[in-house]
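Bear in mind these aren't lab numbers, they're just calculated from the coordinates by the rules spelled out. Keep in mind that this is a model prediction, so the values were computed, not measured. Note that we place each Cβ from the backbone using ideal geometry, even for glycine, and neighbour counts take in every protein chain shown.
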Amino acid sequence: MAHIIVVGNEKGGAGKSTVSMHVSTALARMGHKVGVIDLDLRQKTLARYLENRLSFMAKKGIDLPTPDFRDLPDVEKRVLKPGENVYDRRLSLAVAGLEANSDFILIDCPGSHTRLSQVAHSLADTLITPLNDSFVDFDLLARVDPDTNQILGPSVYAEMVWNARQLRSQAGLPATDWIVVRNRLGAQAMVNKKKMADALDELAKRIGFRPYHPSI
């Protein structure tokens, strides 16, 4: 079975599509067969990038390692089972269509809470959450005291990830490996950057993710 990587964050502008592009093309360059699904049905940033990559290859007459992108297939409501959600069926069909010929399937989620994003998180063998290096965006993961920066508890997104992990456990699937990637780090060694790193490391122990601190 293909290893499913989900790139998720309920805030827009965190760099999900950029991370998705780099991870999927890097895996393809390593020789893996990679399928890609873009769940941002309005903007389709990752889908457009891959279309532009294919267009560039055709114009230049070159061959570059490129993931296999698939749209969500349309499904008529009459074929749904009683109580079945149409988006659940569309995502299931897209994954099934890629799985036979893929080593990895990467799913890029929208910057909002949607049914598709929720289901995708429950499918994740690996979850990558890009996070802008700021306490303004830190509340994606936890509620923080604005005066002391003390962590008060998990955010609604962290609780959604926890619920998705529970569904996987109930289905007998391996636990999701959750990686939080600090994004858009400044080049200077600022006090706030150190505070952010410390807070992320502390929260990682409480809600169960692996923090990734890129070097500058």
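Summary of values
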item: Counted charge near D177, where neighbours are those whose Cβ lies closer than 9 Å (Asp, Glu -1; Lys, Arg +1); result: 0
item: Percent RCO, i.e. relative contact order, over the chain, from Cα pairs under 8 Å lying at least 6 residues apart; result: 26 percent
item: Size of charge dipole - the chain - debye, nearest 20, with Cβ of Lys, Arg +1 and Asp, Glu -1, no other charges; result: 300 debye
item: Debye, to nearest 20: dipole size of segment 1-129, +1 on Lys, Arg Cβ, -1 on Asp, Glu Cβ; result: 300 debye
item: Above-threshold pairs, the threshold being 32 Å between Cα atoms, out of K16/K60; K33/K193; K33/K60; K11/K33; K11/K195; result: K33/K193
item: Under 13 Å, Cβ to Cβ, from R89 - net charge with Lys/Arg +1 and Asp/Glu -1; result: +1
item: Tensor-based shape of segment 3-212 (alpha-carbon gyration tensor, a/c under 1.5 rounded, otherwise prolate or oblate); result: oblate
item: Amide H partners (placed H, <5 Å) of D68, local residues excluded; result: V34, G35, V36
item: Protection-proxy order for peptides 120-127, 109-116, each taking the mean of Cβ atoms within 10 Å per residue, highest first; result: 120-127, 109-116
item: Dipole axis of the chain (+1 Lys, Arg; -1 Asp, Glu on Cβ), positive-most option in M57, S102, A28; result: M57
item: Residues V23, V144, V161, V86, sorted so that the one with the fewest Cβ neighbours within 10 Å comes first; result: V86, V144, V23, V161
item: Amide proton proximity set for V144, modelled H, under 5 Å, gap of 5+; result: L152
item: Around A14: net Lys/Arg minus Asp/Glu count, Cβ-Cβ under 13 Å; result: -2
item: Helix runs (DSSP H) in the chain reaching 15 Å along axis by Cα, Kyte-Doolittle at least -1.0; result: 16-29, 45-60, 86-99, 156-170, 191-207
